[in-house]
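The values are calculated or read from the model by the stated rules, or taken from the named source; none is laboratory data. This one's a predicted model, so the numbers in the text were calculated from it and none came from an experiment. Neighbour counts run over all protein chains shown; Cβ positions are idealised from the backbone, glycine included. Each accessible area value is taken on the protein alone, full model and side chains, heavy atoms only, with ligands, DNA and RNA left out. Shrake-Rupley method; radii C 1.70, N 1.55, O 1.52, S 1.80 Å.
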Amino acid sequence: MEANQPHVLIVDDIDINREMLERILIRQKCKVSHAVDGIQALEILKTVTPDLILLDISMPRMSGYEVCEYVKADPQTEHIPVVFISAMGELEDKVRGFEVGGVDYITKPFKVEEVSARVNSQLTVARQRQKILELSEAQAHIIQTVSHDLKNPLQIIIGYASMLLEPNPPIDLVQDIAQQILNGANKMDQLVRQLLDLRQIESGSPLNIQPVSLAKVLVAIVMEYELPSQQKNLTLMLDFPSKDPLMIEADPLRIEQVFANLVSNAIKYTPEGGKVVIRVPVADEEAVTVEIEDNGLGIPEDALPKLFQRFFRVDTIPHRQAASGTGLGLAIVHGIVESHHGTIFVESEMNKGSIFAVKLPRTQ
């Protein structure tokens, strides 16, 4: 059974009705559950959340109207669309069904085309509603996180700018105040830029794909980060044993962004005197792997599955002391690698270091 298979609950006290509906629904690749009356249906709904309920109106012990009222009164089930099963021509039944929260009806005797069309219509609406809810939750999370991350540097800028407006601010403090304002503005600028970057990647913006020498990319990265590594007394090495330039089909700016981010992180989270190695094991004919290895802080095991999620940051005291980031860098890296039909994975052990490995297809 497929994981995304729509689930329909049929509630009808007549065996032949349930069997006929099940046959139609199975053809539509639906998972089907049964209830012989309203009470059994409500028991099922305590543990199962179907995508759609097909509900007969006339049943013993509890009518379909009563069942629907219970379903719509429960916050856990109120979102489930209910399609009533009504006898042909019983207009009052259909009107009453809409009044208690039904969204549609199918008539008896069943017609395959009608059942299929109405079920598909309601399942499509349900799927779209779920996507909208997920999108709304994601947007709310982004807004909340961005607001929080912008608030601190903004308060710093406001606070220090207010000091400059005071009469005769001490000259010896003006430069320090200006530096703090600049630092706060840079943090805000970084967050906004990375948000725009991530949006562009996730929206599938066209890439400038061309043959790229991986050797040249990695040499450029080493040259760019040689000074920052020296300032922390780190050893930065490139282990590229192959004479083959290892050509890949890539957007050069984006692929440089991947390795720049990973090397920058390795430097940030490796204590003074440590080592960062960019290693390229022997490539096969189809793909090439680049490993960025450090002997730094490492990553807690429970954080590894969440590492490439937006806004996720490893929340330990040593990690917070080592660097403050937006939590977007690795999400951007993951998005770029996937857009190049590659994969990225990580191995890490606390206090021993990490290895980030990026596997990319070679130019054929």
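Below, the figures for the structure above:
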quantity: Some residue of region 300-317 being within 19 Å of GLN190 (Cβ to Cβ), hydroxyl-bearing (Ser, Thr, Tyr) and assigned to a loop (DSSP other than H, G, I, E, B); calculated: no
quantity: Residues within region 194-243 that are among the acidic types (Asp, Glu) and more than 14 Å from ILE267 (Cα to Cα), tallied; calculated: 3
quantity: Matching residues in region 88-116 - criterion: being among the aliphatic types (A, V, I, L, M) and surrounded by fewer than 13 Cβ atoms within 10 Å (Cβ to Cβ); calculated: MET88, LEU91, VAL95, VAL112
quantity: Sole residue being over 20 Å from ASN233 (Cβ atoms) and among the charged types (D, E, K, R), chosen from GLU286, GLU272, GLU293; calculated: GLU286
quantity: PHE356, sole failed condition from (1) out of contact with any Asp or Glu (no Cβ under 6 Å at 6 or more places or on another chain); (2) over 30 Å from PRO211 (Cβ atoms); calculated: (2)
quantity: One residue from VAL83, VAL67 being closer than 15 Å to THR107 by Cα, in contact with a strand residue (DSSP E or B) (Cβ under 9 Å, 6 or more places away or on another chain) and crowded, with 18+ Cβ neighbours inside 10 Å; calculated: VAL83
quantity: Selected residue (only one of GLY298, GLY329, GLY335, GLY274 is closer than 18 Å to GLU202 by Cα and at pLDDT 90 or above); calculated: GLY335
quantity: Region 245-269, residues that are farther than 29 Å from MET350 by Cβ and open to solvent by 60 Å² or more (accessible area, probe 1.4 Å); calculated: MET247, GLU249, LEU253, GLU256
quantity: Of residues in region 270-320 being among the polar types (S, T, N, Q) and farther than 25 Å from GLN231 by Cα, the one surrounded by the fewest Cβ atoms within 10 Å (Cβ to Cβ); calculated: GLN309
quantity: Pairs where the first residue, in region 212-234, is closer than 26 Å to GLY273 by Cα and open to solvent by less than 20 Å² (accessible area, probe 1.4 Å) and the second is part of a strand (DSSP E or B) and of a type outside the set (Val, Ile, Thr), C-beta under 7 Å, 6+ apart; calculated: LEU218/LEU238; SER229/LEU236; LEU234/LYS275
quantity: Checking SER242 against (1) open to solvent by less than 40 Å² (accessible area, probe 1.4 Å); (2) at pLDDT below 90; (3) small (Gly, Ala, Ser), the condition it does not meet; calculated: (1)
quantity: Qualifying residue in region 166-187 (condition: at pLDDT below 80, open to solvent by less than 70 Å² (accessible area, probe 1.4 Å) and more than 28 Å from HIS334 (Cβ to Cβ)); calculated: yes
quantity: Tally of residues being of a type in the set (Ser, Thr, Tyr) and within 19 Å of GLY353 (Cβ to Cβ) across region 305-331; calculated: 1
